[in-house]
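Colleague: For reference, the structure I am asking about is given below.
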Ligand SMILES: [Fe+2]
């Protein structure tokens, strides 16, 4: 399902499984990526349901070997864990225009929703597991757990804000 907000680029290969760490390995690190530590949502709220973790260098290298030829810039790579919560506030990402997410475990029937400037729903998608999905995240968006089977676990790629939206094929 491709739209102005969600895109599955066929030019992006699936991540080799041997580059991915297990959920337990990532979760056991209890380590938030450097940028996350400064974010007041984590500093002021220890129960904030999203954690951002560093990836191993070999995964970062592999992802950049795929993205640099396509975008002409290096990208930031992290694991993201989202636990079910009532506080997935509708928000706009301040630091980026587009995101590439590779969902390892969806965590249930989970819908990513996009809204216009008046916060009217304009699009939604249950993003498939183990497939790159390109998202526009400069507009309002949130996620909604219709069912919860466990933490949602993804690799996320962040492009520099200087890069405008480029829909990959
Ligand atoms: Fe976001």
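Each reported figure results from applying straightforward, stated rules to the coordinates on display, with no laboratory input. Bear in mind that the values here come from a model prediction, so they are computed numbers and not experimental data.
Colleague: Could you tell me the extents of the stretch 123-166's C-alpha atoms along the three principal axes, largest first, rounded to whole Å?
Modeller: Rounded to whole Å, the extents work out to 37, 21, 14 Å.
Colleague: Once fully extended, how much extra length lies between residue 162 and residue 38, figured as 0.36 nm per residue of separation less the alpha-carbon to alpha-carbon distance?
Modeller: Gain in length upon complete extension: 42.5 nm.
Colleague: Same structure, new question: Helix-only estimate, please: 222 nm mean residue ellipticity of the chain, summing -39500 (n - 2.57) across DSSP H runs of length 4 or more and dividing by its residues, to the nearest 500.
Modeller: Helices in the chain give a 222 nm mean residue ellipticity of -4500 deg cm²/dmol.
Colleague: Suppose the Debye formula is applied to equal point scatterers at every Cα of the stretch 55-119; what is log10 I(q)/I(0) at q = 0.13, 0.14 Å⁻¹?
Modeller: -0.53, -0.61
Colleague: Additional query: For the stretch 71-134 and the stretch 151-169, write down the distance between their C-alpha centroids in whole Å.
Modeller: 9 Å
Colleague: Another question about this same structure. Taking the square root of 5 times each eigenvalue of the Cα gyration tensor, what semi-axes in Å does the equivalent ellipsoid of the stretch 6-158 have, largest first?
Modeller: On the way: eigenvalues 98, 76, 52 Å².
They are 22, 19, 16 Å, listed from largest to smallest.
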